[in-house]
Amino acid sequence: MAASILHRATGVALSIGGLAILTWWLFAISSGPDAYETFTRAARHPLGLIVLVGMTWSFFQHLLSGIRHLVMDTGATFELGINKASAILTFVGAVLLTALVWFYFLGVAK
Amino acid sequence: MSLGDSSTPIGKVRGLGSAQHGGEHWITERITSIALLLLGVWLIASLLLLPKLDQRTVIEWLRSPSGAVPMALFIIVGFRHALDGMKVVIDDYVHEEGSRFAWNALMLFLAVGGGALALFALARIAFGAVA
């Protein structure tokens, strides 16, 4: 239940926010140093960081619950115990992967 | 099974409901999801493996075929998958037929427009003069 609604919510967030950020980023790269500077300043701003971390988490949550849904599409893992365990696994996995990515990004100090 | 009072004349339901092109839409959404699984992991891994994320490094990466081609695929498949996914959400939560049509049309414009913008920017990077 929670996994299902999160899959939708993160999907909507990625569709609107994630693709908008990707498009902005590509445009900034193609438009020259000033535009890229504007993008990186926004990305480094605390609010920008929160949005980017949120997008990263949405990406991993949607990816992992997406895999879970693909498995369920085959008719497997409908047993309550396994079903619940796999849902929890997506929550834990998404948070872990997001943390790993951002520890790396911030740790290497790019 | 008896249809009883809950039955609706077939003439009233033809062309309505989620089954219009449901099967095809459902399959496309899953095929693009598998493609995005690979492309998404590629994108995150690439960003992590780039030595720096400054403009020069990123341009160099997106000018190479191994950067530009998967990025073009990510844009095309990503916007398509987003459009398919938003349609499911809209069809589920917007019940009035006119609004549902308007929302789906808006999403189509956004997805095609956004995808075109992103592809144009990528092409400008990939084929542009050396920065």
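Any read-out appearing in this document is the output of simple, stated calculations on the displayed coordinates, not a laboratory observation. All values reported here derive from a predicted model rather than from experimental measurement. No Cβ is skipped: glycine too gets one built from the backbone with ideal geometry, and neighbour counts run over all protein chains shown.
Observations on the model:
- In sequence order, segment A:68-75 has phi-based couplings of 4, 5, 4, 5, 5, 4, 7, x Hz under the Karplus curve 6.51 cos²θ - 1.76 cosθ + 1.60, θ = phi - 60°, and Gly or Pro positions carry x.
- Mean-square fluctuations from a GNM of chain A, with a 10 angstrom spring cutoff on Cα atoms, peak among A:LEU80, A:LEU22, A:LEU100 at A:LEU80.
- Positive-end residue of B:ALA68, B:PHE127, B:LEU110, charge dipole of segment B:39-131 with Cβ unit charges: B:PHE127
- Rg and Dmax of segment B:22-127, both derived from C-alpha coordinates alone, stand at 16.4, 51 Å.
- Cβ-placed point charges (K, R +1; D, E -1), dipole of segment B:51-131 about Cα centre in debye, nearest 20: 480 debye
- Cut-off 15 Å between beta-carbons: net charge of the residues surrounding B:VAL88, Lys and Arg +1, Asp and Glu -1: -1
- Computed log₁₀ I(q)/I(0) - Debye formula, equal Cα scatterers, no solvent, segment A:2-108, q 0.11, 0.16, 0.21 Å⁻¹: -0.44, -0.78, -1.10
- Rounded FRET efficiency, nearest 0.05, which uses the C-beta distance separating A:LEU100 from B:LEU108 and R0 of 41 Å: 0.70
- Sequence-distant contacts, meaning Cα pairs under 8 Å at least 6 residues apart, place the relative contact order of chain A at 31 percent.
- Counted as membrane-span-like here are DSSP H helices of chain B whose alpha-carbon atoms extend 30 Å or more along the helix's own axis and whose Kyte-Doolittle mean is 0.5 or above; these are B:22-49, B:65-93, B:97-127.
- Global form of the protein assembly as shown, assessed from the alpha-carbon gyration tensor, a/c cut-off 1.5: prolate
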